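Heads up: the structure comes next, in structure tokens.
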Amino acid sequence: MEALALDESNHLTVAGLDLEDIPAHLGDTFGARATSLNLSCNMLRTVRHLEKFAVLDSLVLDSNLLNNDVAFPTLPTVKTLSLNANEISSLEPFLTNVLNAFPNLTYLSLLKNPACPNYFTGKDFNDYQRYRYFVIYKIPKLRFLDSSQVTPAEQKEAQRVGKFSNVVIRPDAAQYQKKAPLSGGSSGSGGGGGSGGGSTAGGQDESAAPGVDDVE
């Protein structure tokens, strides 16, 4: 592993290294200062040692192998969580676990997961909107979901119908076959920041979601 260092904004990028676990020494070295952690394009199945990063605001875990059972530690400082292109196939109880671990989460992206029924899975807009209502219902503090802003109208409707809106998706598994990440790759500092970064309201603008440009 090449020498790693925080950038001037206390962002740490450890991407494209085929990591199967978060090295304990990363948390020992950077955990007290890193406010943004990008672990995209690895082979992570667990997030063991993530608890060492006690002041994180943004966590990017795109293009890994994380599934519904991932056990996140409690990190109340995290406001942005990006999990694009993992293996999350069921929203319940996954979202309950996410809310318990990140009680102040305001930005969540789950694009290119089997549980996210959008254009990547060949589903229509109604399926995607029901998915949004369910996620917003489960995590009411969200201000951005995937690549678009959570509107006041969505928040209101989510409280009315969200608990009935969980969409069960059974996509073709071939859509989610992972390519091995290229060693030495980089997906940038990622995350878009706690305020949603460059995301714009309305539509499903893939380029607006944190780390989406790096999703295979």
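Per-residue 3J(HN,Hα) values for the stretch 84-101, derived from phi via the Karplus relation 6.51 cos²θ - 1.76 cosθ + 1.60 with θ = phi - 60°, read 4, 6, 10, 10, 7, 10, 9, 7, 10, x, 3, 5, 4, 5, 4, 5, 5, 7 Hz in sequence order (x marks Gly and Pro). Amide H contacts of GLN149 (H built 1.01 Å from N, in plane; Pro and chain starts excluded): ALA201, GLY202 sit under 5 Å, all sequence-distant by 5 or more or on other chains. When the listed pairs LYS52/LYS163; LYS52/LYS156; LYS79/LYS112 are checked against a 26 Å cut-off, the alpha-carbon distance exceeds it for LYS52/LYS163; LYS52/LYS156. Model label sites at ALA54 and LYS163, defined 7 Å from Cα along the beta-carbon direction, differ in position by 3.8 nm.
Indicate the gyration tensor shape class of the stretch 23-169 (rounded, prolate or oblate), computed on the Cα atoms with a ≥ b ≥ c the square roots of the eigenvalues: a/c under 1.5 is rounded; otherwise a/b larger than b/c is prolate and the rest oblate. Cα axes put the stretch 23-169 in the prolate bin. The GLN155 and THR74 beta-carbon pair, evaluated with R₀ = 22 Å, returns a calculated FRET efficiency of approximately 0.35.
Computed 3J(HN,Hα) for the stretch 22-39, one whole-Hz value per residue from the Karplus formula 6.51 cos²θ - 1.76 cosθ + 1.60 where θ = phi - 60°, is 7, x, 4, 5, 5, x, 4, 7, 10, x, 6, 10, 5, 9, 9, 10, 10, 10, glycine and proline marked x. Were the residues from PHE125 through ASN10 laid out at 0.36 nm apart, the gain over their Cα-Cα distance would be 37.6 nm. The residues of the stretch 70-167 expose, per residue, 39 Å² of accessible area to a 1.4 Å probe.
Classify the stretch 1-109 as rounded, prolate or oblate, taking a ≥ b ≥ c as the square roots of the eigenvalues of its Cα gyration tensor: rounded when a/c is under 1.5, otherwise prolate if a/b is larger than b/c and oblate if not. Cα axes put the stretch 1-109 in the oblate bin.
The values are calculated or read from the model by the stated rules, or taken from the named source; none is laboratory data. Not measured: the values here are computed from a predicted model. Methodologically, a virtual Cβ is constructed for each residue, glycine included, from the backbone with ideal geometry; neighbour enumeration extends over all protein chains shown. Remember, those area values only see protein heavy atoms, side chains included, never the ligands or the DNA or RNA. Shrake-Rupley method; radii C 1.70, N 1.55, O 1.52, S 1.80 Å.
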